[in-house]
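A quick write-up on the structure given underneath.
The values are calculated or read from the model by the stated rules, or taken from the named source; none is laboratory data. Computed from a predicted structure; not experimentally measured. Virtual Cβ from ideal backbone geometry, glycine too; neighbours counted across all protein chains shown.
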């Protein structure tokens, strides 16, 4: 019965498709008509009995109406099939990639560091590196078979690379042919989609690629699910009949007899209800799909659609994503037994979930391997060896919702340029600047908060944090966290927490001063004496130092290094608030409006991200680079849509900036941040600044090495007093993050126009060249006049002048 | 005063490192980052990683430091490979591809003036004279030999002219002719 209806349907469908393909439509329709004629003929002998006649007419009318309805339904189903297949079969949220790791000769990279890079991409250690995604480490050499990848700037083929690492430095890179290579780029790691919580997610596979690279997957799938796939026309009537009879006998509606096509029809268009009506629709649609489309197209859709598990709210669809989700690698790198497991899971992805039900999954996998033997895909011995292997599933699911704070930033930057709809559905690929190793270090650093809370006597878990690390050379954001729970998607403090910055503002004051080299140098004495500042509309303000003491004349460099409040306020007032505000803006910070004198001590709000922009400029060579999280966006086919290029803007004169950087290094060398030297080698010459706000509500540390700039904020969400200081509470996190990074020393080669000179012990006078003493940098054209002796006395102080000297 | 006639950036960097090491409060003001102008065929990391503190050495090498400014920068094999690739792309008309390749290189050697100069040229070719000017100014900042310095100022002039800033262009041209990298020789104690 089912089959006869099936064929009729097919005919009707053909008829309704007349507009689409007229030639094919005629024949099936006439056969349907013939069916009607036969029945009419049967009416002849019993023409005398009117009642029976009526009944028969009724039946015929019923059948006709039924056929019409059926035809209409089939037409409707057909429209749904073609509509779906003609368009993009699957909508895909934009996929996000981290920056690709580069390996180059001369690079500072340990052998463990290289291995970690490969491990993050799920390269497998192996004796032979014939397969992509495998590597071999022996002594100081690592050989790996890099995977091919389609970068926005072109296709990069797979390649075997020999890397020799000596003393933490890449000494040599060679290809398989022994040819030396200057630089090798690994493929970038996917860090998830732009909308990771969407119900559906995929890693699209192309049928030709799978046929070529993972033929076993297709062979096994067809062996288990549909051996006659390439012969049937969508449905196999005998199989359906058998299933139908079995169901009748058992009294249950067991699923069965479904071809790959039918399964696809069900998955794509229908609900999971086990009703005859649904089953019927499934068959009609299967026939329609086969009518319109090639087998391969159907198989490809199936490979990408089949349901293979659940990750919270997210359904795992398709072998591409499943392979990533369970094994952390692409399908073409799966071992045979892993292929068997995935294929086995088609029958019931949750029932055979290898993470939750490993025993069931193992049994199912081994059954599939038996089927492989049965069909000659493997011999007995090999199969037995496969069956003895463990499941090989990664412990943690290949999560696609990594680094939510960073993804949040990417989403915001993209939504300025793209429609949300496109970002959710068009399968764009977004290449970002995130560096997995740096991100891991930053995420790891939040553990220090436990210690901070213990040391500062705070309730465990009461503190929050945010952090940003950028690449010094290019302004690329390499890492970002938006809170203590680095997996939490929600309040992104790095972008949204506007907090007072405290002393982090001071470098802007000192840079303003140093930019007037005729008036200020690193040794200009600043008065650290009580001061009263009048503020319009509020009480008189009497700023105090953190220590509560006054120190008298203090050289500028020490006022900065020890973060003295009083001389900083005096200096800021002397320079003028507008001048300081201008410096802030040129460094890339938002303009404080209105700018009250109290803001000279940082009673202004900024987000950690904004602070990172400002300190990025401070750490640089005088050029401001807008911080970037995205480098390129390409469409589904790899065609570039937008590039975010490296833009720079002149922000400060190099010479005064150099003096400021020297001052910020002094902060770490002898000022408020000396504790950093315990964790990050002093030879790096870190420059930085602490920030603390009233009642210890906010703790900041912003600092730079030769290759990175980092900002850490620590505080409470409710902005209550928390007994924090920059050096005790934020600096430890910064140190933890940077201690595990490949830090380059700060480049302190003086720019043209800066020279070093000796100064006296009090750092108030430049000494004659013959004297011993500490070297400090000065802007050559405006170097303060030298003292006359090695004690730093000036002519007048010596009273007698030069004559005394000769006496 | 001795001079270095040929390309010996390593020695110069050592000198700078030693010199700076001597004057820092902690004795550890570091040198420039390793890959910078460093022929990677002869890496001597231990020299660069640990600045020396010995006074004798300091004096000996200090004399040579100022000349480092006139030493042309030598790129590492990685950067050379990338520059070559960028050139090929540019010649093939793929300016965006050339640009992203150069950006990879500049990540490795941010202090290499030649790379900033090439980036500036690309932006000018892409009709973005404002960015070209800024990038060329950055090349000026990092130039360590007179040829590069002069080329950088010439490009600044070109970019300014493209923006209609004739006065600025002339000023840059003047500097291209007159300015020299040894202008601000590090002042060294005798």
Quick check on my filter: what residues within region A:132-174 are within 13 Å of another protein chain (Cβ to nearest Cβ), touching a strand residue (DSSP E or B) at 6+ places or on another chain (Cβ under 7 Å) and more than 21 Å from residue A:189 (Cβ to Cβ)? A:164, A:165, A:168, A:169, A:171, A:172, A:174
Pick from A:169, A:189: which is surrounded by fewer than 21 Cβ atoms within 10 Å (Cβ to Cβ), touching a residue at least 12 places away in the same chain (Cβ under 8 Å) and under 23 Å from the mean Cα position of the chain (by Cα)? A:189
Report whether or not residue A:593 is part of a helix (DSSP H, G or I) and over 19 Å from residue A:656 (Cα atoms). no
All but one of (1) outside any loop (DSSP other than H, G, I, E, B); (2) within 13 Å of chain B (Cβ to nearest Cβ) hold for residue A:706; which doesn't? (1)
In this structure, does residue A:743 turn out to be touching a helix residue (DSSP H, G or I) at 6+ places or on another chain (Cβ under 6 Å), farther than 29 Å from residue A:520 by Cβ and buried (at least 19 other Cβ atoms within 10 Å of the Cβ)? yes
Criterion violated by residue A:177 - all others in (1) within 14 Å of chain B (Cβ to nearest Cβ); (2) surrounded by fewer than 19 Cβ atoms within 10 Å (Cβ to Cβ); (3) at pLDDT below 95 satisfied: (1)
Looking at residue A:293, is it within 22 Å of residue A:75 (Cβ to Cβ) and modelled with pLDDT of 90 or more? yes
Quick check on my filter: what residues within region A:753-769 are within 7 Å of chain B (Cβ to nearest Cβ) and free of Cβ contacts under 8 Å to residues at least 24 places away in the same chain? A:756, A:758, A:769
If I ask for residues that are more than 28 Å from the chain's Cα centre (by Cα) and in a helix (DSSP H, G or I), which ones from region A:596-627 would you list? A:597, A:598, A:599, A:600, A:601
State all residues of region A:677-691 that are away from every other protein chain (no Cβ under 12 Å) and within 16 Å of residue A:560 (Cβ to Cβ); if no residue qualifies, say none. A:688, A:689, A:690, A:691
Region B:74-101, residues that are more than 7 Å from chain A (Cβ to nearest Cβ), assigned to a helix (DSSP H, G or I) and within 17 Å of residue A:105 (Cα to Cα): B:79, B:83, B:84, B:85
Residue A:638 fails exactly one of the following numbered conditions: (1) part of a helix (DSSP H, G or I); (2) within 14 Å of chain B (Cβ to nearest Cβ); (3) touching a strand residue (DSSP E or B) at 6+ places or on another chain (Cβ under 6 Å); (4) under 24 Å from residue A:416 (Cβ atoms). What is the number of that condition? (1)
For region A:408-474, give me every one of the helices (runs of 4 or more DSSP H) that falls completely inside it and has 3 or more residues that are within 16 Å of the chain's Cα centre (by Cα). A:436-445
What's the number of the condition residue A:630 fails, among (1) within 14 Å of chain B (Cβ to nearest Cβ); (2) more than 25 Å from the chain's Cα centre (by Cα)? (2)
